[in-house]
Amino acid sequence: MSKKIAVLAGDGIGPEIVAAAVKLLEHLRQEEGLSLELESALVGGCAYDEYGSPLPQATLDIAKQADAVLLGAVGGPKWESLDIADRPEKGLLGLRSNLGLFANLRPAILYPQLAEASSLKPEVVSGLDIMIVRELTGGIYFGEPRGIRTRKDGLREGFNTLIYNEAEIERIGRVAYDIALKRGKRVCSVDKANVLECTELWRSVMQTIGNQFPEIELSHMYVDNAAMQLVKEPTQFDVMVTTNMFGDILSDAAAMLTGSIGMLPSASLDADGKGMYEPIHGSAPDIVGSNTANPLATILSVAMMMRYSLDLPEIADRIEKAVSDVLDLGLRTPDIMSAGCTAVTTQAMADAVIKQLAL
Ligand code: IPM
Ligand code: MG
């Protein structure tokens, strides 16, 4: 039976990097006989411009009916002055919550070929292989009440609510422990339990569930220390599990350790393994249209899609190998460029990956 993939390119460099990934999907369809059906729809600022909403119902329907969603990026300066409810980011958050994508997997892997591109010394990042498991549909991103209000004395105040119930903590904890069982069997749960009651509960539930996984070595770390440890000794981590906002911040930091945020894919999964796949970088308005965006994070997101939603792990392995091969060949987009390498465009990088895949 053919698998449906919703293709939501979004804004900024989204359409460029998604076009590169779609080329790869088309290759897999035509040359390797994968039964895939692609359907495109608008999300983010472009959807707001066309339909007055960053997440039109038609887009949500297409995403819901699909087996997997491929997303580029949303947002840009053009929409920054809109009401928060109309902003492109709401399209992405709406997809996450409406599709129940509570588990966000963000692997930060250092390709040895890119050790020089890392902001840390090669000996500090060598061997880096972290899986950040970020809770994605709860916490302060979605907590109510929220807003900006005017007090009786006329001062305006902004407020958000950090809230997690035990069931939400337990289910993301189980995802992290299950993943760790297939890797280094170590989980570090990141919280701010010394200050925030909500994460005091987080720590206690993580510990209780962790006790059911005797093979897993569980540790707890405050988020400020975790940020420091990520730049001090990042290879100490195997799986990190954390809240929505802490995961947002720590995953950008971890991304930079790998040389470029342009290298990091992500998977956002629901309880049944259906997922949305996207690079973790944003819409990069500064380089739109220059054909210099790095398509590898999106291509690696397609690999994650093959592994987690389409049950094609051997294709996932081959895509990841092809990416490693093009790096071996010295091909680089500007974000990962270093001496002695060959500068390539977005399209040329994608073509090179497809060529390696076909070998
Ligand atoms: C991410 C992004 C999003 C987030 C934005 C675009 C809403 O930064 O996926 O990390 O904060 O989750
Ligand atoms: Mg982010």
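Observations
- Filter result (in a loop (DSSP other than H, G, I, E, B), within 16 Å of ligand 2 (Cβ to nearest atom) and open to solvent by 20 Å² or more (accessible area, probe 1.4 Å)) within region 282-295: G282, A284
- Condition met for M221 (more than 27 Å from G100 (Cβ to Cβ), without any contact (Cβ under 8 Å) to a residue 12 or more places away in the chain and away from ligand 2 (no atom under 16 Å from the Cβ)): no
- S97 modelled with pLDDT of 95 or more, surrounded by fewer than 21 Cβ atoms within 10 Å (Cβ to Cβ), hydroxyl-bearing (S, T, Y) and within 16 Å of ligand 1 (Cβ to nearest atom): yes
- Tally of residues being on the phi < 0 side of the Ramachandran plot and open to solvent by 30 Å² or more (accessible area, probe 1.4 Å) across region 119-137: 8
- Region 46-78, residues that are in contact with a Lys or Arg (Cβ under 6 Å, 6 or more places away or on another chain) and within 14 Å of ligand 1 (Cβ to nearest atom): P54
- Checking each residue in region 251-271 for being closer than 28 Å to K121 by Cα and more than 10 Å from ligand 2 (Cβ to nearest atom) picks out A253, A254, M256, L257, T258, G259, S260, G262, M263, L264, P265.
- The residues of region 244-264 that are within 12 Å of ligand 1 (Cβ to nearest atom) and either in a loop (DSSP other than H, G, I, E, B) or open to solvent by less than 20 Å² (accessible area, probe 1.4 Å) (or both), listed by number, are N244, G247, L250, S251, A254, A255, L264.
- Residues satisfying the stated conditions in region 97-148, i.e. under 20 Å from M305 (Cα atoms), of a type in the set (D, E) and touching a helix residue (DSSP H, G or I) at 6+ places or on another chain (Cβ under 7 Å): E135
- Residue in region 196-205 that is crowded, with 18+ Cβ neighbours inside 10 Å, more than 16 Å from ligand 2 (Cβ to nearest atom), among the β-branched types (V, I, T) and within 18 Å of the chain's Cα centre (by Cα) present: no
- Residues located in region 1-44, provided they are open to solvent by less than 30 Å² (accessible area, probe 1.4 Å) and on the phi > 0 side of the Ramachandran plot: G10, G12, G44
- A search for C-beta distances below 9 Å between a residue of region 346-359 that is outside any helix (DSSP H, G or I) and any residue that is surrounded by fewer than 19 Cβ atoms within 10 Å (Cβ to Cβ) and at pLDDT 95 or above, counting only pairs 6+ apart in sequence or on different chains, returns L359/D325.
- Candidate set from region 138-172 (those that are surrounded by fewer than 14 Cβ atoms within 10 Å (Cβ to Cβ) and on the phi > 0 side of the Ramachandran plot); member that is farthest from the chain's Cα centre (by Cα): G154
- Residue satisfying all of: in region 69-92; away from ligand 2 (no atom under 16 Å from the Cβ) and of a type in the set (G, A, S); farthest from the chain's Cα centre (by Cα) among these: S81
- The criterion of being in contact (Cβ under 8 Å) with a residue 24 or more places away in the chain and not assigned by TED's automatic domain parsing to the domain that holds I84 does not hold for L155.
The values are calculated or read from the model by the stated rules, or taken from the named source; none is laboratory data. Quantities reported herein were computed from a predicted structural model and do not represent experimental measurements. A quick note on method: Cβ atoms are made from the backbone with ideal geometry, for glycine too, and the neighbour counts reach across all protein chains shown. SASA here: full protein model, heavy atoms, side chains in, ligands and nucleic acids out. Shrake-Rupley method; radii C 1.70, N 1.55, O 1.52, S 1.80 Å.
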